[in-house]
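Just below is one structure, and these are the notes that go with it.
The values are calculated or read from the model by the stated rules, or taken from the named source; none is laboratory data. Because the structure is a prediction, the values reported are computed rather than measured. Note: ideal-geometry Cβ built from the backbone for every residue, glycine included; neighbour counts use all protein chains shown. Heavy atoms of the whole protein, side chains included, go into the accessibility calculation; ligands, DNA and RNA do not. Shrake-Rupley method; radii C 1.70, N 1.55, O 1.52, S 1.80 Å.
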There are 2 protein chains.
Amino acid sequence: MSIEARRDVFQAIADPTRRQIINLIAHKSMNLNAIADNFQISRPAISQHIKILTECGMVVVRQEGRERFCEAKLDGLSEVSNWVDQYKQFWNEKLDSLGSYLVKIQANNPLNEESNTNQSNNQ
Amino acid sequence: MSIEARRDVFQAIADPTRRQIINLIAHKSMNLNAIADNFQISRPAISQHIKILTECGMVVVRQEGRERFCEAKLDGLSEVSNWVDQYKQFWNEKLDSLGSYLVKIQANNPLNEESNTNQSNNQ
DNA sequence: AATATATGTAAGCATTTACTTACGCAAATT
DNA sequence: AATTTGCGTAAGTAAATGCTTACATATATT
């Protein structure tokens, strides 16, 4: 952690512990000790991860008495999503599930022709 | 780079230079010098980045005479996409555009009720 | 008031990262 | 055959990373 470093979302989620922290608090705020209980590493280590996540805007800390509740702010993930989604065309799973979903709508909607074209040049 | 390290896609794309490399070769294979021409850092540095990308399966190198063409294999990005997309509901832009698209289909398809539920609990 | 709890932060440390320069080697060119 | 080109790799280095332990501090509890 040392001095001061580049902080961006891509780097923030590069660490598996930080991804797990995000998973933990995505749906419900937790205080720091509660988060740390889920890991084998020390509480200060978790505190430092939270600091990093805070610095890149992915976590907001709300103080409540002596506790600090960590809330996930995952808007920043859209940056990752946008970057990755440029390359959607290079793998199939996701396209397939979207495809079958559109086909399902299509089946109930024989009048609509244009959603076909939407399906093919979506990206 | 030293000895041997954890290699996963999240860490691979954490580095901005590697993301640029991916951008460069996503649509057309390039040999190493051609890639390096786009950066200020040395050719060996690029070579090391390519090695990392190769180690986590995002680049395949095809030798052709003395040249080595680097081809992007971006299937691995689906792992990132899947992880990030769990949290789609936490930012709006993407949902909005998908939402308006579904609304548009919906408008042409008054019989189909279930796509409404699909829209709300899509994730 | 004394203690316990929840936390931040500093300092130290081993490891990893991202580079550099120097070199080696095979394939192409001359 | 000699040289140039395209590349990998080793060794060295500064900085970053991820952790630890030790300590400080504010808020609760007793």
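Which of rounded, prolate or oblate describes region B:15-99 when judged by the alpha-carbon gyration tensor and an a/c cut-off of 1.5?
Details: a/c = 2.69, a/b = 2.31, b/c = 1.16.
In terms of gyration-tensor shape, prolate.
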**OP:** Could you pull out the pairs from A:73/B:51; A:73/B:73; A:51/A:73; A:28/A:88; B:51/B:73; A:51/B:88 whose alpha carbons sit more than 25 Å apart here?
**Re:** A:73/B:51; A:73/B:73; A:28/A:88
Original post:
If you plug each phi of region A:70-83 into the Karplus form 6.51 cos²θ - 1.76 cosθ + 1.60 with θ = phi - 60°, what whole-Hz ³J(HN,Hα) values come out, in order, with x for Gly and Pro?
Top reply: 9, 10, 6, 10, 9, 3, x, 5, 4, 4, 5, 4, 5, 5
Original post:
Considering amide H positions built from the backbone, and no H for Pro or chain starts, which residues 5 or more places from residue A:31, or on another chain, come under 5 Å of its amide H?
Top reply: A:70
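Give me the accessible area buried between chains B and A, both sides summed, with a 1.4 Å probe, in Å² rounded to the nearest 100.
Values: alone 8820 and 8840 Å², together 14110 Å².
Answer for the B-A pair: about 3600 Å² buried.
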Subject >> Debye, to nearest 20: dipole size of region B:9-76, +1 on Lys, Arg Cβ, -1 on Asp, Glu Cβ >> reply: 60
Original post:
In whole Å, what is the distance between the alpha-carbon centres of region B:40-63 and region A:57-80?
Top reply: 35
